[in-house]
Each structure stands twice: as C-alpha cells, then as structure tokens.
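Here the structure comes first, spelled out in structure tokens, and everything after it is commentary.
The values are calculated or read from the model by the stated rules, or taken from the named source; none is laboratory data. Since the model is a prediction, treat every value here as computed from it, not as a measurement. Cβ: placed from backbone, ideal geometry, glycine included. Neighbour counts: every protein chain shown. The protein model used for the area step is the full one, side chains on, heavy atoms only, and it has no ligands, DNA or RNA in it. Shrake-Rupley method; radii C 1.70, N 1.55, O 1.52, S 1.80 Å.
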Amino acid sequence: MDGCDYYLDMKSINNDILSRIILINDLRMEDICEINNLLRYQNPDGGFGLAEGYTSDIIDTKLALKALTDIGETEAMTNAALYISSLQNEDGGFGYQQGLSSNAYLSADIANILVDTIDVNPVLSYYLEDTFTALDSYLDTTFPAINGLSASDLDTVYQHFYTALYRLKRDGRYDVSPYYALQAEDGGVFDDPMATAFYLELLVREQNVLVAKIDNIAITNGRGYAVAAFNSNENVNISVINEFETDKAHFEMSIIKPDGIARGTVHLMNQA
C-alpha cells in the first residue's frame, strides 16, 4: 500500500503507473474508477500506449494486460492479448518494438502473461494456439541451463523462471527439484527478492500439480478465475457456472493418481 500511495502521489498518471496501481491494490471490477481510467488508454487495435492517444506498443500493452487479467476484465484483456499476438516475430519470439529482433527475457515474460489470460478466458486458447506453438519453439532454443544462472545476470534468471512458470501452467506438471540448489541458507535465491518470489511461486504451483482431470465444468477460485483443473489436498469447492443456467447441472470428474493413471470416474448431479 505504501507503493500504491507513492504512485498515486505522482503528478502524471499514465498507463504504466495505473496498471501497477491496479495490481498493487488487488482491485476488482467494482473499483470502476481506476479500471475505467485504464480502459480509456486502450486503442482501437487492442493495444495500449503510455497514455490516452499514444500509439500502442508492446511494453505498455503487456503491463495493461497483466492488470486486466488480474481483475478479470475479459473483453479488454482479450483484445490486448490479440494485439500482442499480432506483434510476434517469425521465430516465435517478441521484440521490444515491432521489427526488432526477439528478446528472450521479454518473450518469456509475455508467455507467462498470455497463459494467465487463458485461465480467465479459455476461448482465447483457440485464437492463440499458433502463438503458443511458435513461442514454445522459440523458448526451447533460448532456455538457459539452470546451472549457468547467476546473480550477475538477473535478466537471464528471470527469463528462466518466467519460462518454467509458463510451462508449469501450460502442461500442469514440471519438475522443480533442480531449482532447490538455487536456494541459499537464508531462504533467498541469488540474494534477490524478485528471483526469490519467482522461486516461491514455482514451488507453490508445483505442489498443486494436476491430480484431478475435470471434464465439462468450470472451476473457479475465490477471485473468479475459471481454470481447467484444480487440486486441493483438503477441500475442493466446485461451482457449476454457465450463462444458460438450468435447474440441474451435470459434470464428470476423473481421478488421476500421481502416477498419471485414472482411477475411475465420478458422475454427479447437482440440484440448482
């Protein structure tokens, strides 16, 4: 909140600052003032510039997309994601400006943001299928070896974690055990708060590896994000959501053990 106050005290509020305010404040759709201010910056091409009337660029759009995804503003988020997709280079990566060579750090960051948009709006997966295929190919060629990471090149460290998080989110499984060696005795990674935060997120997500395959339903967490699969070692709260609600809802759950083998299917009928 101190960081948010700092941004609010700035004399010139632009897209970058407003996007960070939304993320810091953990805003929801009811916080209409800040969100409407951000939406005013969106251009007809779906992208965002530094401020209202500015030409769209990939960095401002990336920041805005992250904020829009966080608050679940589906339409604006979808248009921003498609704008970014239109800037993809032939090699599958993204450059800091259209026409510039692909940058591995930026491409991994964008991959991690784009895959989050799919959780909010699964329909986007169809439109971004070719984008992700090309991104996968590019990231495979630029993924650094984990034993070559060091505090002297934190951009490469962040790129590595962005890519690992992206693959974990996309595939549902990812071996994080090699990352244990990066943690120092004080708990940090490369004595860097951001690298440590990435490491923590990777650990938390790996602990929630896919153990249940959910078919024909949408599961939401407390923030309203629809996800394709959900795991909890305690309770799983399932809400059947559909814009065409009926008196009864049917869904199927196939239990997948850690070895990847299905152990039967549960069929449930839920009275509305």
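Determine whether residue 62 is assigned to a helix (DSSP H, G or I), open to solvent by less than 70 Å² (accessible area, probe 1.4 Å) and basic (Lys, Arg).
Answer is yes for this residue.
So, in region 140-186, exactly how many residues are open to solvent by 90 Å² or more (accessible area, probe 1.4 Å) and under 30 Å from residue 122 (Cβ atoms)?
Residues meeting the conditions: 6.
Any idea how many residues of region 69-101 are part of a loop (DSSP other than H, G, I, E, B), crowded, with 18+ Cβ neighbours inside 10 Å and of a type in the set (Gly, Ala, Ser)?
Number of matching residues: 2.
Pairs only if they're at least six apart or on different chains, beta carbon under 8 angstrom, first in region 147-166 and under 13 Å from residue 205 (Cβ atoms), second outside any helix (DSSP H, G or I) and not basic (Lys, Arg); list them, first residue then second.
Final answer for the pair search is 164/174; 164/176.
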